[in-house]
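Data first, discussion second: the structure below is written as structure tokens.
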Amino acid sequence: MSSSSPSPSLSSSNRELAASLSQTSFRLVLASQSPRRRALLREDGYRFATIPAAECVEKFANVPLDAPADYVRTLAILKAQNVAARLCGRVSVARWDVAPALPGAAPFLVVGCDSVAVCHDEILGKPRDREDAERMLRALSGSVHRVVTGLALWRVDPQDYASGPNVEKLEARVESSSLEMEELGEARLAYYLDSRLWEGKAGAFGYQDGNDWLKLIDGTESNVVGLPLEALADSILARFSH
């Protein structure tokens with residue numbers, strides 16, 4: 001698990017270079033339907049396509065909840081594997097959907113992610129409903145918690161199409177950020193619940209919503225939002241910048 005962050009200038013330079021490589025060296029495929037993750041990639045200048053992992057991957061994954069890092073890492077891998085498998089095979093609709101992004105035989109790079117909030121040793125995923133969101137926010141109120149994200153990158157080359165994804169071309173890592181949430185009064189809590197901005201967000205909150213009651217203590221903002229761009233850039237540069 002990453003516990004330190006690169007300097008802002010180095011991080012920015014790496015992110016710019018990694019994004020530029022997505023224009024020339026590989027076809028990036030985001031295995032997620034999250035609008036926040038798509039926005040992060042667009043803002044950094046990535047050229048990419050989106051093929052969400054099948055819903056059953058997360059719904060039926062038999063992953064223990066007692067180890068957050070293992071949990072998000074495993075789910076990120078399963079999501080990337082699901083999409084990588086759909087890109088393989090002699091006939092693949094998914095592959096043709098992405099092909100216009102880059103000509104020729106450039107490899108695909110599938111990115112899978114999963115994020116949870118961890119407070120008082122409890123994993124807080126996406127709330128089921130308003131009542132569940134309220135429960136999570138009351139647990140987080142006035143405390144320090146972590147956002148843990150699993151990031152999986154699976155490379156798919158043309159020679160893999162017939163045989164399927166090669167596990168040796170998989171890389172997975174976990175990033176962690178710490179946040180402090182102010183004590184939420186009843187009025188502020190009710191206002192946020194009424195806004196419905198908590199929907200679909202781990203821990204029932206969105207750092208990107210500009211809430212002044214959230215403070216980043218360590219780690220990166222992009223990790224809190226759900227896609228650690230610094231870690232993504234580092235992994236891409238290690239693979240494609242030579």
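Readers should treat all values here as calculations from the given coordinates under stated rules, not as data from a laboratory. Note that the coordinates shown come from a computational prediction; the quantities given were computed from them, not determined experimentally. With ideal geometry, Cβ positions are generated from the backbone for all residues, glycine too; neighbour counts draw on all protein chains shown.
General observations
- Amide hydrogen proximity for residue 143: with H placed 1.01 Å from N in the peptide plane, the residues at 5 or more positions away or on another chain lying under 5 Å are 181.
- For residue 29, net neighbour charge (Lys/Arg +1, Asp/Glu -1) across residues whose Cβ lies under 10 Å away: +2
- When the chain is treated as a Gaussian network with alpha carbon springs shorter than 10 Å, the biggest mean-square fluctuation among 88, 113, 56 belongs to 56.
- Close Lys-Lys pairs in the chain, where close means Cα under 20 Å and separation is 8 or more or interchain: 8
- Derived scalar couplings ³J(HN,Hα) [the range 160-169; Karplus, 6.51 cos²θ - 1.76 cosθ + 1.60; whole Hz; x for Gly, Pro]: 8, 4, 7, 8, x, x, 9, 4, 6, 9
- Our note on the geometry: Cα centres of the range 110-132 and the range 45-98, 17 Å apart.
- Among 29, 19, 87 - extreme Cα towards positive end, dipole of the chain, charges at beta-carbon: 87
- Taken about its Cα centre, the chain carries a charge dipole of roughly 1020 debye when the Cβ of each Lys and Arg holds +1 and the Cβ of each Asp and Glu holds -1.
- Estimated purely from DSSP H runs of n ≥ 4, each contributing -39500 (n - 2.57), the mean residue ellipticity at 222 nm for the chain is -11500 deg cm²/dmol once divided by its residues.
- 3J(HN,Hα) couplings calculated from phi for the range 131-136 with the Karplus curve 6.51 cos²θ - 1.76 cosθ + 1.60 (θ = phi - 60°) are, in sequence order, 4, 5, 5, 4, 4, 5 Hz; Gly and Pro show x.
- Cα-based convex hull volume of the range 99-242 per residue, rounded to whole Å³: 148 Å³
- Filtered GluC sites (Glu not before Pro), the range 149-242: DSSP coil and at most 15 other beta carbons within 10 Å: 182, 183, 199
- 3J(HN,Hα) couplings calculated from phi for the range 202-207 with the Karplus curve 6.51 cos²θ - 1.76 cosθ + 1.60 (θ = phi - 60°) are, in sequence order, 4, x, 6, 8, x, 4 Hz; Gly and Pro show x.
- Global geometry of the range 13-109, whether rounded, prolate or oblate, following the gyration tensor of its Cα atoms and the 1.5 cut on a/c: oblate
- Relative contact order of the range 109-242, defined on C-alpha pairs under 8 angstrom at six or more residues apart (%): 30 percent
- Relative contact order (%) - criterion: Cα under 8 Å, at least six apart; region: the chain: 24 percent
- Net +/- balance of residues flanking residue 63 in space, Cβ distance below 14 Å, scoring K and R +1, D and E -1: -1
- Given charges at Cβ of Lys, Arg, Asp, Glu: the range 154-242 dipole, positive-most of 231, 164, 211: 164
- For the range 147-242, applying the loop criterion from DSSP together with a ceiling of 16 other beta carbons within 10 Å to the trypsin sites (Lys or Arg not before Pro) yields 196.
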